[in-house]
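For reference, the structure is listed below as structure tokens.
The values are calculated or read from the model by the stated rules, or taken from the named source; none is laboratory data. In this text the structure is predicted, and so the values were computed from the model without any measurement. Counting neighbours? That spans all protein chains shown, and the Cβs are built from the backbone with ideal geometry, glycine included.
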Amino acid sequence: MIKFKEFIIKEQGEASITFVDIDDTLFNTFAKVIVKDKKTGKVLRKLSSGEFKDYKFKDDEEMDVSEFQDSKLFRNTSKAIPTMVKRINRLIKSIDRFGKGDRVVLLTARGKPNDLRVFRQTFRDWGINIDNIDNAHFVGGDTASNVVEGKAKVMRSYLDTGRFNKTMMFEDAEKNLKKFMSLKKEYPGVEFVPILVNSSGIPKLWKGK
Ligand SMILES: [Mg+2]
């Protein structure tokens, strides 16, 4: 008699799904988090993503992430990371060639861009074949934990289809890779490959826990 678990694995598809982050993974980007006075709405300061990581908001301050939805700013200031452009285009090409249902999707903590056309054009500007990337998910949470959970939710929605037996994640944020690897136990028939893109834009297999 065939065990239930073996049955699931046998029935699993043989396609791969690759999740690719945008900020500091595929592009170096320069949108800032705006700190505003809660009452007056006055802009108090702007934080780079590096500064934002350690910033403690005061009770009378609020966060404004609108720059991350500003497509013009994204197009005018972002710089694609060359190693990753090559890597993602190679992935997309192999999808075209073998067509066995492999997919590449963008998975970002950004909110939805205010102009999707301009946003997508930025990828073409830098030679990224976005027209063959079949989806983009804008998780857009307000807090760090929402972003991690938001990304996990999107990944589950793909993995739950049972069509994939391999998944990769390209990320610069280890907390997202950690979450990605924690999903492994939910999908025993799926191979999980975590790739960390370091600050020099070099993708390497992530060995963290
Ligand atoms: Mg990132």
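Here are the numbers for the structure shown:
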{"quantity": "Residue count, segment 24-57 (criterion: at positive phi and within 16 Å of the ligand (Cβ to nearest atom))", "calculated": "1"}
{"quantity": "Among residues of segment 185-196, those that are touching a strand residue (DSSP E or B) at 6+ places or on another chain (Cβ under 9 Å) and modelled with pLDDT of 95 or more, counted", "calculated": "8"}
{"quantity": "Flag for Lys86 being in the same structural domain as Val147 (by TED's automatic domain parsing), under 30 Å from Thr167 (Cβ atoms) and part of a loop (DSSP other than H, G, I, E, B)", "calculated": "no"}
{"quantity": "Filtered residues of segment 147-172 (kept if part of a loop (DSSP other than H, G, I, E, B) and within 10 Å of the chain's Cα centre (by Cα))", "calculated": "Asp172"}
{"quantity": "So Ser48, is it in the same structural domain as Glu14 (by TED's automatic domain parsing) and within 24 Å of Leu196 (Cβ to Cβ)", "calculated": "no"}
{"quantity": "Subset of segment 64-81 [outside any helix (DSSP H, G or I) and in contact with a Gly (Cβ under 6 Å, 6 or more places away or on another chain)]", "calculated": "Ile81"}
{"quantity": "Restricting segment 159-184 to residues that are aliphatic (A, V, I, L, M) and either modelled with pLDDT of 95 or more or under 23 Å from Gly101 (Cβ atoms) (or both), the residue that is farthest from the ligand (Cβ to nearest atom)", "calculated": "Leu159"}
{"quantity": "Filtered residues of segment 90-121 (kept if β-branched (Val, Ile, Thr) and within 16 Å of the ligand (Cβ to nearest atom))", "calculated": "Val105, Thr108"}
{"quantity": "Which listed residue, of Arg103, Arg156, is of a type in the set (D, E, K, R), under 14 Å from Ile17 (Cα atoms) and at pLDDT below 95", "calculated": "Arg103"}
{"quantity": "Only one of Leu183, Leu196, Leu159, Leu205 that is surrounded by fewer than 16 Cβ atoms within 10 Å (Cβ to Cβ), more than 22 Å from Met63 (Cβ to Cβ) and aliphatic (A, V, I, L, M)", "calculated": "Leu205"}
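Per-residue answers, yes or no, for (1) within 16 Å of the ligand (Cβ to nearest atom); (2) modelled with pLDDT under 90; (3) out of contact with any helix residue (DSSP H, G or I) (no Cβ under 9 Å at 6 or more places or on another chain); (4) polar (S, T, N, Q):
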site: Ile2; (1), (2), (3), (4): no, yes, no, no
site: Phe19; (1), (2), (3), (4): yes, no, no, no
site: Asp59; (1), (2), (3), (4): no, no, yes, no
site: Asp70; (1), (2), (3), (4): no, no, yes, no
